[in-house]
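Since the structure comes first, as structure tokens, the remarks are kept for the end.
The values are calculated or read from the model by the stated rules, or taken from the named source; none is laboratory data. Quick caveat: nothing in here was measured; it's all calculated off a predicted structure. For neighbour counting, all protein chains shown are included, and Cβ atoms are generated from backbone atoms with ideal geometry for every residue, glycine included. Note: accessible area is taken over every heavy atom of the protein model, side chains too, but ligands, DNA and RNA are not part of it. Shrake-Rupley method; radii C 1.70, N 1.55, O 1.52, S 1.80 Å.
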Amino acid sequence: MQDKKLKLPSSGISIDRRNFIKWTSLATGTLLGPGVFVSCDRNSSDTVDPGREEWIIRTACPAHNCGGRCLLKVYEQNGIITRIETDDRQGDDISDPQLRACIRGRSYRKRQYHPDRLKYPLVRTGERGEAKFKRISWDEAYDLMHYKISGVIEKYGNSAIHVPYGTGSYTNTNGRWPAARLMNLLGGSLGFYNSYSWACINIATPTIFGTLETGNQRQDWMNSRYILMWGWNPAEMKDGTNSDYFIRKARDNGARIVCVDPRMSPSAVALADEWIPVRPGTDVAFMSAMAWVIINENLTDNEFIERCCSGFDKTTMPAGYENEESYRDYILGTRDGIPKTPEWAEKITAVPASTIRRIAIEYASTRPAILYQGYGMQRRAYGEQVVRAGATLAAITGNIGIPGGWASGLANQAGGGPFWTVFPSGSNPVKVSIPVFLWTEAVIRGKELGPEHGL
Ligand code: SF4
């Protein structure tokens, strides 16, 4: 294999295979800093010596990207995980609950030692898709990576390299961040924007509220009297440590829990008093019909609307837009001739009009109330509309900025610090980026893609 020299565009340094390994170590060096040092091979020559001291390493469940970081107590002996337990602190209470791991975190040892897990470098020996591989040494793997990466950069430039979002284990040290750092040190790579998880809610929320921090602290759910879990399934996907625990506590405290979801999810079964199935993708029609009922039943919070809202009716239209269609106009069908009634929504959503009417009255009159939006609804074309519809219901009922209420939208919590801190990967000298969803298109027809595709 030819030992090519790769010129680093950002520094002018030429890099040979030996230096490539050095830069790779630099990029990933802190991998060996904090964290848990354990063998990934349960059958390696490292076997547990019962005479050796057992260590308990307290760490966080890292890799499922549920939004939580539950406490894991990893028992380690001679480099082998012997078992994993979770938070068992005494004196657990709602203000400082145990950070108890779910079954995914507790079973992490099985993932670590799973026989199908890749433990050594493999190189493909057959055609793509044939699943033929052979094991190679780490030295050979470094040679091959150096040869391939330097060849691509020399021939096509750094923008022909891409580190996909969400690749690998989603942790700070094992995921895409060290790879991004390596590529940044090598002159950069094709970037991306937007996210698989929050594509629309991340954009729509600040256009409504001016901030992404629209959530109350979860302990505050104890103050709520009514919680609509809309397309949200915390019993399964968690959405952060203890979400389902806090919902259960709120229910114990007297809150009524209603789950709107096409699927009878574990949350619908385990957490909710009532499950309302809805035809997928029709949530905005359901919410609009709720608004129709709330307006016609005079259940709007007019003081809050006048004080804090813009665009609800002709008295709250922004300057310069007085003659445009207001939200109230749209819901009542003043201009398009289509009142968004429960009967109108029933044909779209498959939810009986009487159910829509009842849920609207319950939500608007059982204050304070929460309408918590899941993310599945907004992962589609026009997904921002369901975010706007949910936030508008919270606004017209005055459930924003009060204990036990909830503004909807992305619902980050103020004062909680950053969602996480990521491995420092440096800045990317390549300024071209693609929408996160289009990387497979970029592989197949990269030369054809241009600004009209969002590049
Ligand atoms: S709730 Fe999330 S962070 Fe906690 S153990 Fe489960 S997957 Fe890990």
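For Arg358, the conditions (1) surrounded by fewer than 22 Cβ atoms within 10 Å (Cβ to Cβ); (2) at pLDDT below 95 all hold with the exception of (2). For Arg380, the conditions (1) in contact with a strand residue (DSSP E or B) (Cβ under 7 Å, 6 or more places away or on another chain); (2) part of a loop (DSSP other than H, G, I, E, B); (3) open to solvent by 10 Å² or more (accessible area, probe 1.4 Å) all hold with the exception of (1). With respect to (1) under 21 Å from the mean Cα position of the chain (by Cα); (2) open to solvent by 30 Å² or more (accessible area, probe 1.4 Å), the lone exception for Val387 is condition (2). When restricted to residues that are in a helix (DSSP H, G or I) and open to solvent by 10 Å² or more (accessible area, probe 1.4 Å), the range 247-267 contains 5. Considering the range 51-79, and only residues there that are of a type in the set (Val, Ile, Thr) and open to solvent by 40 Å² or more (accessible area, probe 1.4 Å), the residue that is farthest from the ligand (Cβ to nearest atom) turns out to be Ile56. Could you tell me whether Ile227 is more than 30 Å from Asp252 (Cα to Cα) and of a type in the set (A, V, I, L, M)? No.
In the set (1) without any contact (Cβ under 8 Å) to a residue 40 or more places away in the chain; (2) away from the ligand (no atom under 16 Å from the Cβ); (3) open to solvent by less than 40 Å² (accessible area, probe 1.4 Å), Asn184 fails one condition alone, (1).
For the range 80-124, the candidate set comprises residues that are β-branched (Val, Ile, Thr) and touching a helix residue (DSSP H, G or I) at 6+ places or on another chain (Cβ under 7 Å); within that set, the residue that is farthest from the ligand (Cβ to nearest atom) is Val123. Selection within the range 204-245: residues that are surrounded by fewer than 21 Cβ atoms within 10 Å (Cβ to Cβ) and of a type in the set (Phe, Trp, Tyr). The member of this set that is farthest from Asp92 (Cα to Cα) is Phe209. When the range 301-323 is limited to residues that are in contact with a Ser or Thr (Cβ under 7 Å, 6 or more places away or on another chain) and outside any helix (DSSP H, G or I), the one that is nearest to Thr355 (Cα to Cα) turns out to be Asp301. Picking from residues in the range 330-362 that are part of a loop (DSSP other than H, G, I, E, B) and small (Gly, Ala, Ser), the one that is nearest to Met229 (Cα to Cα) is Ala350. Being at positive phi and assigned by TED's automatic domain parsing to the domain that holds Ala364 holds for only one residue in Gly166, Gly210, Gly187, and it is Gly210. The set of residues in the range 429-441 being in contact (Cβ under 8 Å) with a residue 60 or more places away in the chain and open to solvent by 40 Å² or more (accessible area, probe 1.4 Å) consists of Pro429, Lys431, Val432, Phe437, Trp439.
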